[in-house]
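For reference, the structure is listed below as C-alpha cells.
The values are calculated or read from the model by the stated rules, or taken from the named source; none is laboratory data. The structure displayed is predicted, hence computed values, not measured ones. Reconstructed Cβ throughout: ideal geometry from the backbone, glycine too, with neighbour counts over all protein chains shown.
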Amino acid sequence: MSLGRGLDALIPKKIITPTAVAPDKSDETLGGERIYQIAPARIAVNPHQPRQEFGHAALEELINSIREHGILQPLIVTRQGGDYELIAGERRLRAAKTLELPSVPAIVREASESEKLEFAIIENVQRTDLNPIEEAAAYQRLIDEFSLTQEAVAQKVGKSRAAVTNTLRLLNLPEAVQVAIANEKISEGHAKILAGLATPEDQMRFFQKIVKEKLNVRDTEAAAKAFKSGVAGAEAGLALAQAGTRAQEEELRQKLGTKVKIEKKNGKGKITIEFYSEEELRGLIERL
C-alpha cells in the first residue's frame with residue numbers, strides 16, 4: 001500500500017540556483033533536477049526529524065555499503081542562510097560524516113517548515129523506521145504546530161483516521177509504558193489494548209502483567225475484555241492468571257518441542273510434559 005503523497009507532491013520541484021556560496025556543480029541530473037556535490041559539514045540536520053533512535057547495526061550496514069559503492073541516492077536539502085538544511089536522507093548524511101567524505105550528492109529544493117516536517121514523517125513512516133511512540137509524537141507535532149486535524153494528518157500520511165487516532169492515544173499512556181513500547185519490550189498491539197483501559201492504574205497493572213507473564217496480544221486482549229465488561233475483580237484476576245499460565249505453557253512448549261500443561265492452585269501446582277516415544281523421552285531428559 002502506498003503511504004502519503006510522496007516527495008514530489010509535498011515539495012514541488014522548484015530548484016534553487018545556488019549563488020556565491022554554491023556547491024560545486026555536477027553534470028549529473030535526476031528526473032531533470034541537477035545533482036550538486038555539497039560538503040557534509042555544510043548540511044544541518046532536519047530539526048523536524050521525528051526519528052530519535054538510529055539503529056547502530058543498520059547504520060553500520062549503510063556505512064559499509066557507502067564505503068564500497070558510494071551514495072547511490074542523492075540527499076534532498078533546502079537553503080538555510082549561507083548553507084543547507086536536510087529534508088531527507090539523515091542516515092546517509094550520518095554515514096557520510098562517519099566516513100569523512102568530502103562531499104555528498106544532493107538536490108536543492110525550496111521547502112516550508114510544514115513541508116519539511118511532513119516529508120520527514122512520511123519518509124520514515126514509508127520505511128517503517130519510526131517506533132510507535134515516535135510516530136505518535138510526529139503526528140501530534142503536525143496537529144500542534146500546523147493546526148492540522150486528525151483527518152488531515154491521516155490524508156498526508158496515507159492512513160485511516162482511526163489508525164492515526166489509535167496511534168495518538170499511545171501518548172496518553174504512563175511514561176513507563178511509552179518507554180517499553182519505544183524499546184520494543186511490548187508490541188504496538190499490546191499498547192493499543194492498554195490505551196483502551198480507563199485509568200493509568202489499570203494500564204500499569206496490565207502492563208506489569210504482560211511483562212511478567214510474557215502475555216501475547218491475544219491473551220492480553222481477552223483479559224482486558226473480561227476486565228472492561230464488568231467482571232468481578234476476582235474473576236478478572238482469574239482471567240489474567242489464566243492468560244499468564246497459557247503464555248508460560250507456550251513458552252515451555254517452544255523450548256521443549258512438545259505439549260506442556262501447567263496446573264496451579266494456591267501458589268502450588270504441577271507441570272505435565274507429554275512424550276510419544278522413548279527417543280523423544282531421552283531428548284527431553286537431555287534438554288532438561
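Side notes on the structure shown:
- Considering (1) surrounded by 17 or more Cβ atoms within 10 Å (Cβ to Cβ); (2) modelled with pLDDT of 80 or more; (3) not acidic (Asp, Glu), the lone condition that LYS185 does not fulfil carries the number (1).
- Of all the residues in segment 138-182, those that are among the small types (Gly, Ala, Ser), more than 21 Å from MET204 (Cα to Cα) and assigned to a helix (DSSP H, G or I) number 5.
- Here is the figure for segment 255-288: residues that are among the polar types (S, T, N, Q) and either modelled with pLDDT under 75 or surrounded by 14 or more Cβ atoms within 10 Å (Cβ to Cβ) (or both) total 2.
- Note on segment 68-101: among residues that are in contact (Cβ under 8 Å) with a residue 12 or more places away in the chain and charged (D, E, K, R), the one that is surrounded by the most Cβ atoms within 10 Å (Cβ to Cβ) is ARG92.
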